[in-house]
Ligand code: PHB
């Protein structure tokens, strides 16, 4: 079982904090795999307040305490390389520039993003109109991810997961609901997946295939990206191409990914696509202990990711081992305000044994 990457918005000025060290250490177990929150690979890759980066030396330094803490507890720690693309606001962009989009148009996401005003108060504003990304700028995007992987290694991470899912920049290239390009990066499935493959190759060249993973969500409808016109063909293509790199794992977000609606479903109906895989398959999407065991036991997957249950249960591994009762999630404190509330203050099953975890 794996800690899924989750936006928790507790970074300060794009830096990792001691509170974040405590959060990850609480969830670290001997031999367990943790995937970090999405960490932005470029200054123009942020789309939420209080998200961390991995593109400056100060950011690299700030992550070192987190990776050291996690390693002390014997866990394996991958950093998720993230660029939000068009899902951003000018206030979150360097020089208040427009966010970048794979589309030929400047249609913004049709809802609101939370920002912090000058008095430190949260306000909701409509997403900004993005600007189309020119083909000449694509090598720069690839370089951001490559550099992020290099920096993550320097910060002490064991590997990197490329965020190719959920409507962020790479997924927005992949899906034909949003990618309307007429150049080499638009049109056919192959063209739409080209950027993800080039980014994957660059990260593999930088840190090695066994330390590289990719997250995909061919079935997701998120950030107004999706559904793709042919998700099964898309999944088949993506999986067969990615399977050839010899990656650490492929992370599949299962169908009907939706943060708002409680309708996660797992996807054994697509098991034929991945049946003869070489690469370990990590699946996530609202799994319980039972569905997780079924996913592994049936051979459908090799790893199961837990998100919301792991937020509310820092000792989820122990609770699953004992089939113990779970804490319930408080959705209102998922996204943060620098505080421990809803972040590091969920109770442990055995408070005495687990209290005072040292970073
Ligand atoms: C979110 O914060 O809502 C979010 C971020 C990254 C994801 C999915 C959801 O991949």
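Just so you know, all these numbers are worked out from the coordinates, no wet-lab data involved. Nothing here was measured: the structure is a model prediction, and the numbers come from that model.
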Fill in the blank from the handout: Here the equivalent ellipsoid of segment 111-237, derived from its Cα gyration tensor, has semi-axes (largest first, whole Å) of 25, 23, 15
Exercise for the section: Take the eigenvalues of the Cα gyration tensor for segment 21-169, scale each by 5, and report the square roots as semi-axes in whole Å, largest first. Expected result: 29, 18, 13
Problem - DSSP bridge pairs, the chain: antiparallel proportion in percent, nearest 5 - result: 20 percent
Handout entry: Per-selection metrics, the chain (Cα): Rg and Dmax in Å
Key = 19.2, 61
Fill in the blank from the handout: Of 60, 135, 162, the most mobile residue in a GNM of the chain (C-alpha springs, cutoff 10 Å) is 135
Practice task
Have a look at 155, 301, 324 and tell me which one the Gaussian network model of the chain (Cα, springs below 10 Å) gives the largest fluctuation.
Solution key: 324
Completion exercise
In a Gaussian network model of the chain with springs linking alpha carbons closer than 10 Å, the residue among 307, 31, 226 that fluctuates most is 31
